[in-house]
Every structure is written in C-alpha cells, then in structure tokens.
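Every number in this text was worked out from the coordinates using simple rules, so none of it is lab data. Remember, predicted model here, so these are calculated numbers, not experimental data. We place every Cβ from the backbone using ideal geometry, glycine too, and count neighbours over all the protein chains shown.
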Amino acid sequence: MKPQLRIRTPRAVATATTLAVALTLTSCSSGGDDASADGPVQLRMTTWSSNEEHQAVLQEIADAYVEAHPDLVSGVEFDAITDGTYVSAVTTQIAGGDTPDLMWITEAYAEEFVSSGVLADLRPVFVETEGYQVEDLLPAATELWRGEEGLYAYPFSNSPFGVYVNTDLLAAAGQPDPRELIADGAWTWDRLAEVASQTAQAEGVAGIQLSVDDPYALPNDAITPLGLAWGARPWSEDGTTCAYTSPESVAFFDWYHSQVYDHGTFPAIGETVDFASGQAAFRIGQLSLSAGLGDTFGWDFLPLPEGPAGTVPVMGQAGIGVLANGEHPDVAADFLAHFTNPENAAKLARFFPPPRESLLTTETLRAAAPTLTDEQLEDTLINPARSATTKVGHPRLSGMVDTIRASMDSLWTPEADVEAVLADVCSAIEPSLAE
Amino acid sequence: MSGRETAATADGGPRRSAARRLARNDAAVGLAFVAPAVIGVIGLGLIPFGYVVWYAFHDWNPLLGEFTWIGFDNFDRLLGDDVVWGALLTTFTFTALLMVLNISLALLLAVLLNQRLRGITTFRALFFSPVIVSTVAWVLIWGYLVADNGGVNGALALVGIDGPNWLRDPNWALVTVVVIQVFKGVGMNMILFLAALQGVPGELKEASRLDGAGAWRTFRSVTLPLITPTILLVSIITMIAAMDVFVPIQVLTSGGPGRETTVISYLLYQTAFRQNDFGYAAAIGVLLFAVTLALTMVQWKWRRRWVHDEV
C-alpha cells in the first residue's frame, strides 16, 4: 500500500510564483521608451493606409529627415491601422498611455480633435521653418484644422468627391453620356438619378453605389453629405441645434428615400454591390478609386451634379496632427514641418491631393491619377479643391454617430414616414448637441 | 539534522522522511505547472478586472484628458439609462434563444452521430469543423449569404419565396445572428455530448430494454439523466459565451436595425471605444460581470435538483 502523502505548499515555490507574477506585471507596466533618456528618439505616426507604395513614400521622406537629424531622431515608424476601427484604436492607445507622436485624422473628427486640446499647435513651427511657405496653404483646406489662433493639423489629403460612371452600361441601356448632360447644363441630381434608375432597370444592375460599402451603417458619413446640394445639414453651423428636421433636410431625405424605394436608384439597406466589378452604373468616390478600376469597362470621372441649392463640391480631407501629450511633441512637430514642406508635399501628391496652391496643377496630380485626363483632373479635383466644403463634423461627433445610425435605421423601409423619423433623430441627438 | 527530520525519524523512520521529500517535490512540480495559469488569471483577469471596477468610479475621456473621481455617478446613470436596460433585455433574449437552439441541436446531432457506422467520423468532423474556423471569417461569409440580395434569398426565390432582409428587418435580425452563431458553435457542444453518451454504460440501456422500455423511454429515463452533468457544463459555458457575444454583432449588424441587436457587450464597446466614455463603459462592464456571475450561480445552485449524482 502506498503511503498517504500530505502535500504542503513549499514556501520556495510560492515565493517563486509571487516573484514571477510581480516580474510579469512589472514588465507589462514599464513603458517602451524612456522619455527622460538623452539621445535621439523614435517617432510613431498612426495611419490608415498599409498600401506599400504609400508606405514607401512616407518612409522615404522620413529616412531623409533621420539622416539629416541623427542626433534628434533615430527612426520614424508608420503604424497602419486598417481594419476600420482607426479612430477607436488611436483613442484606445491614448487611453492606455501609448500615445502616438503623430496621427492621421479624417475631416469628420477634425472638430472633435481640434477642440479637445489633444493636438499641438503647429503654426509656430511651420512659420519658423525656413522655406515652409505657410502662405501657400489653401485657406479652404486649413479651415477645419484651425483653432482660435493656431493650426492643429496639416491637411495632407484633399480629395473632392466626384461621380464615377460605367459608360458601357449607360450605352447598353441607351442612356445619354453624362458629359453631354454637363455640356447642356443638365447635370443635376434628378437627371443623374433618372439615368441611373433607367440603366439599373434595363441592365439588371444597381444604379448609384455610395462612397462606402455600407452607407446605412454610416449615414452621417455617406448619405447626409449628399444633402449639402439641397442646403441640408445635420445641425446648425454652431453645432447646437439639430437641423435634420429643416425643410432642406426633409426635402433631401424624402428625395433619397423615394429614389431607393420607388425608383431603385440607390441600393436598399442590406444590398451589396461593387461598381469596380461592373455591378453599378455610378459610384460616388474620390481620386483613389480610379486606381482599382482598370480597363474591364469604359468609365469616366465627373464632378458632383447640381442640386436645389446649386453645385456644392464636397471634399474628403485628412490631416496629420501632433499629439500634445505624446512623448516628443516638439520633435514630432519639427519632423512634420519637414514631412510637409513644399518639396515633400510634392512627393505626397503622388497619392494625396495637396493643400498647396502651387501644387494644384494637372502636372502634379497626373502622377496621382494617371488614368484620369487633364479635363477630369481640372473638373473634379483642381477646381473643386479651391472651394469645396467638407462633410459636417461636430466636437462631440463620436458620441452621436451610433445614435444617429440607430435612430435613422427606421427610415430604411418602403413605408417609412421620413419627417417623423428625422424628428426622432433630432430627439435622440439633441441632448448631445445641447451639452 | 533539523528538528523536522528528527521528528520524522522518530515518527516513522527514513522511509517516511523520504516520502515527505517526494511529496514536496511533487507539489513543487505541480505548482510550477499551474504557475503560468495562475499568473495568467491574476495578470490578465483579476488585476484588469480590478482596474475596470476602479475606472467605473471615474469620468474618463482620454481625448479630453479627463479622469475624475465621481463616486457612484456612473452606476446612478446606469439605473436610469433605458439604452442599457434595453441592451440587457436583448442580451437575455439572445442568450435564451442561443442556449435552447444550440443545446437541443447539439444533443440531437450527438445522438444521431453516436452510431457505429462506416464513415461516421467524417460526419462528426463535418459538424465540428465550423468550431475551428475563424469567427470573423465565418460571420463575414454568412453576412454575404444573408444579405438582401445574397445567396439565401436567391435560393428561396428559386422556390417562389420572397425572403426577408434578414439582418435589417427588426423581426429577423436577432434570430438570424443567433442561428449563425449556433451553426458556428454547435460542434463543440456536440462533441461534449458525444463523449457523455459514449460514457453511458451499455448494460443499463440493455436492462432498460429488457424491462420493456422503447428507444425513447430508454433515452429519457436512462441516458438523459446520466448525461445531466454534461448538460450542466454545456449550459454554463454556452450561457457565458452568449452573454459575452460581440463579434457577430459587430460584423453583421453593428447593433442594428435601430438597437434590435445591441447586446450589452456591444454597447460597452460603443460607449468606450466609439464614444470615448471609458468610465461609464467600465460601469457597464461591471454590470455585465455581475449579471453573468449571478446567472452562473443560479445554474450552479439549481444543479442539485436535476443533475445526476449531485448532492
């Protein structure tokens, strides 16, 4: 018979376990860089692009800076967050104390980031940097990023929205070439919708695909901006009053709803389409979309049409800001001044339409969109960039986007009462607007 | 010679002393094996949970740089927040539907596959395979299939049925997510039930048949009671997983239409990572933990009433 063994907890093992836990936790809680250490620092910029060509040009510019300032910066890391959770991911990094030195920001969150005080003022550095030419920056491009006195981000990408058209589908459906409509002064949203609807019915495709894959998940981002051509805005200029119930907004959403459910112009909620695969007659999009279209069908890129409030060019914009509570804001700002000087802005213009007047030329932008003609570049990029408006943002947009989506969902049924739903949207967001 | 060794020798001689040393060594090795798990539970479970509780007493918006002690304000806000209670109700509905469908289907499949037939392992592997597929890949594919113009409605149209807009119709969205999630996870429960069914002694079933019981009566009166410990285990792990459901909601519906599929863990995510209201989100997390713990305790307490051999 085996002896009965009484197992005691050996003190040594308990001590070792405690030490291991402590060591693990200590190693988890210690930061990567020691901010107080002397010597060159490592900078990190968060981006939403993992495109190899984008990364190559970003790295090329950064490497030149590191080479010129080896005592200041040891390297620059471009941290691509590409899974659609960019803003949440960066905010989480900030919350966790892992603040990036520089970050890309979309125009919708510009007001929120600028007003929060999380970004450093860049104007002094830009003004002091020799050859930077601050006056070359287009006022329309920097408007969103200006605070009371300072400039809180450099708007490195200024890409107006336009309308891509599958000319083969329109020809097969016996519809007019939109260029003729433009020449005749008949390029309106109503006419575009009519052509799209008839092409959809004749060819068994979708009419107009919006700028994102699921516009109904992001109505404030993908649908509401179309309403600018109706004079429709989600809220007042000062952001304190809901404007979803304004006559202009009701007219726009009434029109959109009717186009979806009475005419089949836009895909309904839950329908998936892909313009690049020939499944839609039109698509609202920006310059970068042209790279993925190839030559499997004939296509053209046109300016946004005219609405009841006239032609309102809408620009998608992205800025680069320096995080004020990052570890090295001064070095990061100096790097950004180098990164966006006229010479490097021209390099970035291969992919991102620049905010500099001197670079808004067909010559510069042809590199960004080799498939577009000079006429297309002039009509859809250069001219709108000088006067385009951006999507309407708000200092508390993060807190409202899900509420807007949830309360607007009931609009996406054929029998919806548009005015009543928009009133519900206002009821839902008014507490946030009033804060 | 230490006092302890002297006592050991006096008590039972060198053999007992050696046995104790062996015991200590065994214990040391055993504890070394469990140490990584202990470190994991403490470092990745208990301490983070402690932080969550701490954050729940703060107003924390990292973008604004706010981190202020506000006492029980977040919990007061919880009590009056209809969105939170709506999400909790949706979570209960989701959990109840998922548990009923998952456990019934898993048991049915296990019974059907508990046969000694040629090629039966192929069928078992087939039903288990979704378990090892990435959840995101699984729900993405299903998202395309149940789109309004997707494969499911295409197939229904072939037989003259106009299918609903599965993920966007308030009447169907939650049920659709439940079904997709059941297909994903049913294989794991099926395997657990299969193992339990194979542990039921054949002589008991034989005795039941000799007493004149039919197949159904034998299953109900002999097999089912003997596998109740496994049913308890499956119920608890399925419930906890359902209460925490997040990925299919995030990928398929984003909590919509309206808030029809906004479960509590998705609301927590929205509050923290989209609205930057980390303190309130932490309070929602504490609520989710408390509710899940309470439901698990209820299941554990009630086990004596229906689980075989529990006293």
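The table that follows gives values for the structure above.
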| read-out | value |
| --- | --- |
| Most positive-pole-ward Cα, B:LEU44, B:VAL182, B:LEU224, against dipole of chain B from beta carbon charges | B:LEU224 |
| Between 0 and 90°, nearest 10: helix A:247-261 axis offset from chain A longest Cα axis | 80 degrees |
| Farthest toward positive dipole pole in the protein assembly as shown [+1 Lys/Arg, -1 Asp/Glu at C-beta], among A:PRO155, B:PHE94, A:ALA80 | B:PHE94 |
| Relative contact order (%) - criterion: Cα under 8 Å, at least six apart; region: chain B | 25 percent |
| CD proxy at 222 nm, helix term only [per DSSP H run n ≥ 4: -39500 (n - 2.57); per residue of chain A; nearest 500] | -11000 deg cm²/dmol |
| Cα centre as origin, Lys/Arg/Asp/Glu Cβ charges: segment B:76-306 dipole, Debye | 920 debye |
| Cβ-placed point charges (K, R +1; D, E -1), dipole of the protein assembly as shown about Cα centre in debye, nearest 20 | 6460 debye |
| Choice from B:ALA23, B:ALA282, B:ALA147 with maximal GNM fluctuation in chain B (Cα, 10 Å cutoff) | B:ALA23 |
| In order through segment B:172-185: 3J(HN,Hα) via Karplus (6.51 cos²θ - 1.76 cosθ + 1.60), integer Hz, x for Gly, Pro | 10, 4, 5, 4, 4, 5, 4, 4, 4, 6, 5, 4, 5, x |
| Electrostatic dipole magnitude of segment A:110-255 [Cβ: Lys, Arg +1; Asp, Glu -1; Cα centre; debye, to 20] | 300 debye |
| Sequence-distant residues sharing a close amide H with B:GLU66 (under 5 Å, placed H) | B:ASN61 |
| Of A:ALA251, A:ALA95, A:ALA416, the one that fluctuates the most in a GNM where chain A has Cα springs shorter than 10 Å | A:ALA95 |
| Cα long-axis angle, helix A:189-203 against chain A (0 to 90 degrees, to the nearest 10) | 90 degrees |
| Value in Å of the Kirkwood radius, where segment B:76-306 supplies the Cα pairs that are averaged | 19.8 Å |
| Dipole of segment B:76-306, positive end: most advanced residue of B:GLY255, B:LEU204, B:TYR269 [Cβ charges, Cα centre] | B:LEU204 |
| Residues whose placed amide H lies under 5 Å from that of A:SER211, excluding near-sequence neighbours | A:ILE284 |
| Cα shape, segment A:377-435, gyration tensor, a/c 1.5 rule | oblate |
| In order through segment A:358-369: 3J(HN,Hα) via Karplus (6.51 cos²θ - 1.76 cosθ + 1.60), integer Hz, x for Gly, Pro | 5, 9, 7, 10, 4, 4, 5, 7, 4, 5, 6, 9 |
| Principal axis dimensions, largest first and in whole angstrom, of segment B:164-219 by Cα | 54, 22, 10 |
| Whole-number D in µm² s⁻¹ for chain A, Kirkwood Cα-pair radius fed into Stokes-Einstein, 25 °C, 0.890 mPa s | 102 µm²/s |
| For segment B:176-255, the Rg and Dmax computed from alpha carbons only, in angstrom | 17.3, 56 |
| Candidates B:ALA87, B:ALA215, B:ALA241: whichever shows maximal mean-square fluctuation once chain B is modelled as a Gaussian network with Cα springs under 10 Å | B:ALA215 |
| Alpha carbon Rg of segment B:12-139, scaled by the compact-globule rule 2.2 N^0.38 Å | 1.86 |
| Fewest-first sequence of A:VAL118, B:VAL41, A:VAL418, B:VAL159 by Cβ atoms within 10 Å of each Cβ | B:VAL159, B:VAL41, A:VAL418, A:VAL118 |
| For the protein assembly as shown, diffusion coefficient by Stokes-Einstein and Kirkwood Rh (Cα), 4 °C, 1.567 mPa s, µm²/s | 43 µm²/s |
| Set of aspartates and glutamates with alpha-carbon distance to A:LYS391 below 13 Å, sequence-local pairs under 8 removed | A:GLU107, A:GLU111, A:GLU143, A:ASP221, A:GLU237 |
| Peptides ranked, highest mean first, by Cβ atoms within 10 Å: ranges A:97-108, A:69-80 | A:97-108, A:69-80 |
| Nearest-ten-degree value, helix A:52-68 long axis tilted from longest Cα axis of chain A | 50 degrees |
| Relative contact order (percent, whole number), segment A:337-435, Cα cutoff 8 Å, 6+ residue spacing | 16 percent |
| Per-pair calculated FRET efficiency, R0 = 22 Å: A:ARG191 and A:ASP168 via Cβ, rounded to 0.05 | 0.65 |
| Quotient of Cα Rg and 2.2 N^0.38 Å for segment A:108-176, N being how many residues it contains | 1.76 |
| Sequence-separation-based contact order of chain A, relative, with Cα cut under 8 Å and 6+ spacing, percent | 24 percent |
